[in-house]
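Here the structure comes first, spelled out in C-alpha cells, and everything after it is commentary.
Any read-out appearing in this document is the output of simple, stated calculations on the displayed coordinates, not a laboratory observation. These numbers come from a predicted model, not from an experiment. In this analysis, Cβ positions are derived from the backbone assuming ideal geometry, glycine residues included, and neighbour counts consider all displayed protein chains.
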Amino acid sequence: MKIAVCVKQVPTREWHPRVADDGRSIREQDASFEMNEPDAYALEEALRLREAHGGEVVVCSLGPARVQQVLREALARGADRAIHVTVEPSPTDPLAVADGLAHAMREEAFDLVLTGLQSDDLGQAQAGVVLAERLGLAHATIIMEVQVVEGGLRVKRELEGGWFQWLSLPLPALLTIQSGINQLRYATLKGIMAAKKKEVRTVAAPPAQALQEVVRLSVPARTKQTRLIAGTPGDAAAELVRCLREDARAL
C-alpha cells in the first residue's frame, strides 16, 4: 500500500504569538516550530498500516525552506521519503494549500492519503477535504480507527455526543485523522541517522489565487471580573455552583 501523509509545521504551543508589523501575520523570526500534533497521529497510523500490510509511507509538506525540519523528523520516525512543496510565504487559504499539495501528489497515484483533522494554528479542518476533491478521492473525516478489508477500508468516525459511525470506503481514499487514535512513537538515534540518507523531493507550488484573506490579527485581551454572591451560605453555594456550571462552564 502506497500511503501519503500530509504534515504541517506550526508554531510550538509554548510560544506566545507576536503579531508582525503588518498586523496580518506573526513574527516568524521570533517563533519556534514543530509538527502539527494531529498530523503526527496521521503519520503514526500510516507507519502502523505499512508495518501490517507492507508498502511505502511518503510525507508531504507545503511551505518555505523551514518545513524541511518536520519532513526530516517524519523521516526519522520511519517514513520512507518526503515531498517538499516549496512556497513563500506559507498560504493560509485551504484551497491554495490543497492545490499545491495536489500538484505534487497527483502523479504519485497514492492508494491512501492521511492528514490530521485540523491544524493547531488555524484549525479550519478544510485542507484535507479540499485535497480529496482535488485528487478525486473518496474521503472520511474525524477517523478513530482504520481497518484494511477486502476491496477497501473500514473506518470508525467520531461523532458528537459520544457516538461513533462505521463506514466502508473504496481505495484510493483520503482520511483526516483525529488526535488520540494511537500511541505516538518518537525518533530514535538510528532513525535520525537514517533520515539523512532518505530522499526529499522538492516541487515548486503552482501559482494559486487564494479565496480567503487574513485582514487582521490580534492577541486576545485579558480581562478580569469579580462577582460577589450574597445570601445565606446555602443559597450562596447553590448560586456559585450554578455560575461555575452555566456561566464559566467550568463544571
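If the limit is 27 Å between Cα atoms, which of LYS8/LYS224; LYS8/LYS190; LYS2/LYS198 go over it?
LYS8/LYS224
With a sphere of radius 14 Å drawn around the Cβ of ILE181, what net charge do the other residues whose Cβ falls strictly inside it have (Lys, Arg +1; Asp, Glu -1)?
Here the charged neighbours net out to -2.
Non-local amide H neighbours of ALA138 (under 5 Å, H modeled in plane, Pro and chain starts lacking H): which ones?
LEU174
Where Rh is the Kirkwood radius over the Cα pairs of the chain, the temperature 25 °C and the viscosity 0.890 mPa s, what D in µm²/s does Stokes-Einstein return?
Calculated translational D: 122 µm²/s.
Please list 127-139, 44-56 highest first by mean number of surrounding beta-carbon atoms within 10 Å per residue.
Listed from highest to lowest mean packing, they are 127-139, 44-56.
Rank these for me by crowding, SER179, SER168, SER32, SER119, going from fewest to most other beta carbons within 10 Å.
So the residues, fewest neighbours to most, are SER32, SER168, SER179, SER119.
I want to check the label-to-label distance for LEU184 and THR12. Put each point 7 Å from Cα in the C-beta direction and report it in nm to one decimal.
The two pseudo-label positions are separated by 1.3 nm.
Starting with the highest mean, order 212-222, 17-27, 61-71, 1-11 by the number of other Cβ atoms within 10 Å, averaged over the residues of each peptide.
Top to bottom by mean Cβ count within 10 Å: 1-11, 61-71, 17-27, 212-222.
Cα centroid distance between the range 61-109 and the range 114-134, in Å?
The distance from the Cα centre of the range 61-109 to that of the range 114-134 comes to 13 Å.
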